[in-house]
Amino acid sequence: MDLVRFDPFSMFREFDRYVDRSPASRAWAPRVDVIDLEESILIRVDVAGVDPADIALTVEDQKLKISGSRSLDESVETATYHRREILTGGFSRTLILPDGLAADEITASADNGLLEVVIPRKPEVLPRKVKIDVA
């Protein structure tokens, strides 16, 4: 009987090989920061390499859907890659919005691969200061 050395990490290496086979065919989703400001919600989306014209924002039933696609230079597609980690193709992120936002007043801007979406709060939801009269 031959002795076979047991390698407990062989499963992880096999899994990595399986996952790394075709990263270009995997779906991708941009990273998102959601910041709760006093008068609005600020959403930052990492969309490096995505043309702002290829991004769509839709609001329906208190859900903000951010979708679009990223494509890279097609002349490189026939080349042999040594490593390929930048995913291309379509993406979609859906965020559930809290109550009290003015969804019809959303503004968005893109700069240096960062999309910023600002959703203001409705005036009746904003905290208000009450003046105390001194007698």
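The values are calculated or read from the model by the stated rules, or taken from the named source; none is laboratory data. The structure displayed is predicted, hence computed values, not measured ones. Note that each Cβ is placed from the backbone with ideal geometry, even for glycine, and that neighbours are counted across all protein chains shown.
Within segment 81-135, the set of residues being in contact with a helix residue (DSSP H, G or I) (Cβ under 8 Å, 6 or more places away or on another chain) and exposed (fewer than 15 other Cβ atoms within 10 Å of the Cβ) comprises Arg84, Glu85, Gly89. In segment 79-114, what residues are over 21 Å from Asp51 (Cα atoms), among the small types (Gly, Ala, Ser) and not in a loop (DSSP other than H, G, I, E, B)? Within segment 79-114, Ala103 is the sole residue that qualifies.
Selection of first residues in segment 33-45 that are outside any strand (DSSP E or B) and of second residues that are surrounded by 11 or more Cβ atoms within 10 Å (Cβ to Cβ), restricted to Cβ pairs under 7 Å at least 6 apart or on distinct chains, gives the following pairs, ordered by first then second residue: Glu39/Pro120; Glu39/Arg121; Glu39/Leu126.
A single member of Ala24, Ala56, Ala29 is modelled with pLDDT of 85 or more, small (Gly, Ala, Ser) and not in a loop (DSSP other than H, G, I, E, B), and it is Ala56. When Ser71 is tested against (1) under 30 Å from Lys129 (Cα atoms); (2) hydroxyl-bearing (Ser, Thr, Tyr); (3) surrounded by 12 or more Cβ atoms within 10 Å (Cβ to Cβ), exactly one condition is not met: (1).
Taking the criterion of being in contact (Cβ under 8 Å) with a residue 40 or more places away in the chain and within 23 Å of Glu38 (Cα to Cα), the residues of segment 67-103 that qualify are Leu95, Leu97, Pro98, Leu101, Ala103.
One line per residue, one yes/no per condition, for (1) within 22 Å of Val117 (Cα to Cα); (2) among the small types (Gly, Ala, Ser):
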| residue | (1), (2) |
| --- | --- |
| Val50 | yes, no |
| Leu57 | yes, no |
| Leu64 | yes, no |
| Ser69 | yes, yes |
| Tyr81 | no, no |
| Thr94 | yes, no |
| Pro98 | yes, no |
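Yes/no matrix, rows are residues, columns are (1) at pLDDT 90 or above; (2) touching a strand residue (DSSP E or B) at 6+ places or on another chain (Cβ under 7 Å):
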site: Thr80; (1), (2): no, no
site: Arg83; (1), (2): no, no
site: Gly100; (1), (2): no, yes
site: Thr107; (1), (2): yes, yes
site: Glu116; (1), (2): yes, yes
site: Pro123; (1), (2): no, no
site: Val134; (1), (2): no, no
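Would a scan of segment 115-128 turn up a residue that is in contact (Cβ under 8 Å) with a residue 60 or more places away in the chain, assigned to a loop (DSSP other than H, G, I, E, B) and hydrophobic (A, V, I, L, M, F, W, C)? The answer is yes, given that some residue of segment 115-128 is in contact (Cβ under 8 Å) with a residue 60 or more places away in the chain, assigned to a loop (DSSP other than H, G, I, E, B) and hydrophobic (A, V, I, L, M, F, W, C).
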